[in-house]
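Worksheet: the structure to be examined is printed underneath.
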Amino acid sequence: MGILKIVVLISGRGSNLQAIINKCNKKSTPAKIIAVISNNAKASGLKLKGKFDKIAIDNKLNKKEFETELQKNLKKLSPNLICLAGFMKVLSPYIIKRWKNKIINIHPSLLPSFKGLDTHKRVLSEGVKVSGCTIHFVDRSLDGGPIIAQAATIVNKNITAENLMKKILKIEHKLYPEVVHLFAKKKITIKSNKVFIKDEKELNAFIKSI
């Protein structure tokens, strides 16, 4: 089994990146991060330790220029998987078509509910009782694409948006690395826009344990 080559795209502190780094450092996960790319040269995630390239692309570039530079780097790196981890730019079809079924994202809600920004505030304002996070393939729609995995948690009556964010982020830090591990073990496939997971019962048991 070959090593899964991963590029992670970030915009901020890179907490999910760190969780993926930790997973890839385990011998049981045949994967390695080959590069971290950010649209923010000051992103603290670029300071995380690891034997991977650290690339900052000028966020002042227009969308076409930015994605041309991004594609140039991705083509050179030739990753098997691209993980969006707090990457605050919407990718256009120019990138998505070239890396079809190789880009995944994590979103802090149970999609298809609460796409977009300010997720936790909106969850609370709607009085939602259960929220969580979703990992999905990236397609042309905002926070769309076939769902790979989801994990849920109870929304406590008096919780604040900030504390809900922290609660769900802890779940993200467990779920995202596990999904990367499944990709590395070649246990995730996509056919006709549907995701199939080998040993899905094991994944479900893992999610219940979070």
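The numbers here are math on the coordinates, done by the rules we state, and not lab data. All values derive from a computational prediction rather than experimental measurement. Every residue, glycine among them, receives a Cβ derived from its backbone with ideal geometry; neighbour counts consider all protein chains shown.
Looking only at residues of the range 124-166 that are among the acidic types (Asp, Glu) and either in contact (Cβ under 8 Å) with a residue 40 or more places away in the chain or not in a loop (DSSP other than H, G, I, E, B) (or both), we find that the one that is farthest from Asn16 (Cα to Cα) is Asp139. Residues of the range 179-210 that are within 20 Å of His107 (Cβ to Cβ) and either touching a residue at least 60 places away in the same chain (Cβ under 8 Å) or outside any helix (DSSP H, G or I) (or both): Val179, Val180, His181, Phe183, Ile188, Ile190, Asn193, Lys194, Val195, Ile197, Ile210. Against the numbered list (1) in contact (Cβ under 8 Å) with a residue 60 or more places away in the chain; (2) surrounded by 14 or more Cβ atoms within 10 Å (Cβ to Cβ); (3) within 30 Å of Lys194 (Cα to Cα), Ile21 comes up short only at (1). Among the candidates Lys102, Lys54, Lys64, the residue that is more than 19 Å from the chain's Cα centre (by Cα) and not hydroxyl-bearing (Ser, Thr, Tyr) is uniquely Lys64. Of all the residues in the range 125-138, those that are surrounded by 17 or more Cβ atoms within 10 Å (Cβ to Cβ) and of a type outside the set (Phe, Trp, Tyr) number 7. Evaluated against (1) farther than 27 Å from Asn193 by Cα; (2) without any contact (Cβ under 8 Å) to a residue 12 or more places away in the chain, Asp58 falls short on exactly one condition, (2). Filter the range 95-110 down to the residues that are out of contact with any helix residue (DSSP H, G or I) (no Cβ under 8 Å at 6 or more places or on another chain) and either surrounded by 20 or more Cβ atoms within 10 Å (Cβ to Cβ) or touching a residue at least 40 places away in the same chain (Cβ under 8 Å) (or both), then identify the one that is farthest from Lys72 (Cα to Cα). This residue is Leu110.
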